[in-house]
Amino acid sequence: QVQLVESGGGLVQAGGSVRLSCAASGRSFSTYRMGWFRQAPGKEREFVAALTWINGNTYYGDSVKGRFAVSRDSAKNTLYLQMNSLKPEDTAVYYCAAGRLSGLLAVTRTYDYWGQGTQVTVSS
């Protein structure tokens, strides 16, 4: 059974940093693309970043480019999202997801497995 468990969210001041973790278990993710999405109240789920597990290639949404960095630790089967220069508009529930390499990386339906989400709140 595949499980994705996020951690690391919390309350942070604008300009601060947070690192999210996503512990993955239940199968090998070497042929998967891992993604981070976020959803603010009343808004649709938004693509944040993605990483191709087998080669480490990374991709970012325009709103986070240059501020966020996605990485993985293959030995720990863990995905990370380092979030710097945080803004109040980054406030959302952040979700980790695992999906097919063949799908569009910024589209939620590409991803077969989802974590429960972790709240990040950025105060001004």
Order by protection proxy (mean Cβ within 10 Å, highest first), peptides 89-100, 16-27 = 89-100, 16-27
task = Whole Å is fine, so just give me how far the alpha carbon centre of region 54-124 lies from that of region 20-41.
result = 7 Å
ask   = With no solvent and one point on each alpha carbon, what is the Debye value of log10 I(q)/I(0) for the chain at q = 0.20, 0.21 Å⁻¹?
value = -1.08, -1.19
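For region 35-124, with only Lys/Arg (+1) and Asp/Glu (-1) charged at the beta-carbon, what is the dipole magnitude about the Cα centre, in debye rounded to 20?
Using only the charged Cβ atoms, the result is roughly 80 debye.
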key: Dipole of the chain, positive end: most advanced residue of Val64, Gly103, Gly115 [Cβ charges, Cα centre]   = Gly103
request  = With a Förster radius of 25 Å, plug the Cβ-Cβ distance of Ile54 and Arg109 into 1/(1 + (r/R0)^6) and report the FRET value to the nearest 0.05.
outcome  = 0.70
query = Using the Kirkwood formula over every pair of different C-alpha atoms, what hydrodynamic radius in Å results for region 79-124?
reply = 12.2 Å
ask   = Where in region 8-23 is the amide nitrogen less than 17 Å from a point lying 7 Å along the Cα-to-Cβ axis of Gln39?
value = none
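None of the figures in this text is laboratory data; all of them are computed from the coordinates on show. Computed from a prediction, not measured in an experiment: that's the story for all the values here. All Cβ positions, glycine included, derive from the backbone under ideal geometry; neighbour counts span all protein chains shown.
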